[in-house]
Amino acid sequence: MRITQTCATAAAAVALALTGTTAAFGAASPAANPDAAFLQAVHQANLTEIAAGKDARAHAKGDCVKQVADVLVRDHTALDAKGATLAKTKNISMPKAPSAAQQRQLDALKPMNGTAAYDTAWLKAMSSGHREVLTLIDKELKSGKDKDIQAAAKEARPVVASHLDMVKDGVCNASPHSSASPSAHSYSSPSPK
């Protein structure tokens, strides 16, 4: 009982810590304009999602979480490569790693490695993070001025939305309803153990 309560408390703490992702995404170096700031923020989000996916591959308990992690690593790596190329053409400097706040959020999962509490906290964090990124994308689509950056946001939106479907509300679904990524795979697997 005490272990379950401790794991549940730790999972809740991680989920709460990870819901403050807007501030963490905004931690990229200040940009001269909102379009550049968007590209920097999404880059740091991609770096965080890639790191979180790699961590889940190694430390998740459930197969579903590991399969979703594979998709996130693959898709966010591809999205980030496109974003980095675009940033280079726009002469926008990009951060080299997740922000300190994002790294602390990733580190908060470590005490739960290999447990169902890890899977729960990871799924909730990914749900919250993808909601935050969709908000950033929608803002860019609505008010961005740079047509190339807006086009990249438009291309990324269905991929991020499909990821949210996979982790929505902290429930693992490795078979999203729509496979928005051209290289996305559909999995059918049991729920995390």
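Structure data summary
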read-out: Burial ranking of peptide ranges 50-63, 135-148 (average Cβ count within 10 Å, highest at the top); value: 50-63, 135-148
read-out: Dipole magnitude of segment 46-187 about its Cα centre (Cβ charges: Lys, Arg +1; Asp, Glu -1), debye to nearest 20; value: 320 debye
read-out: 1.4 Å probe accessible area per residue over segment 63-178, in Å²; value: 47 Å²
read-out: Proximal charge balance of PRO158 [Cβ under 13 Å; K/R count +1, D/E count -1]; value: -2
read-out: Flagged links, alpha-carbon separation over 26 Å, of LYS88/LYS145; LYS88/LYS142; LYS82/LYS142; LYS88/LYS139; LYS90/LYS168; LYS90/LYS110; value: LYS90/LYS168; LYS90/LYS110
read-out: HN-Hα J in Hz across segment 91-99 - Karplus 6.51, -1.76, 1.60, θ = phi - 60°, x for Gly and Pro; value: 6, 9, 6, 10, x, 8, 7, x, 5
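The values are calculated or read from the model by the stated rules, or taken from the named source; none is laboratory data. If you're wondering where the values come from, they're calculated on a predicted model, not measured in any experiment. Cβ coordinates were reconstructed from backbone atoms using ideal geometry, including for glycine residues, and neighbour counts include every protein chain displayed. All accessible areas refer to the heavy atoms of the entire protein, side chains included, with ligands and DNA or RNA removed. Shrake-Rupley method; radii C 1.70, N 1.55, O 1.52, S 1.80 Å.
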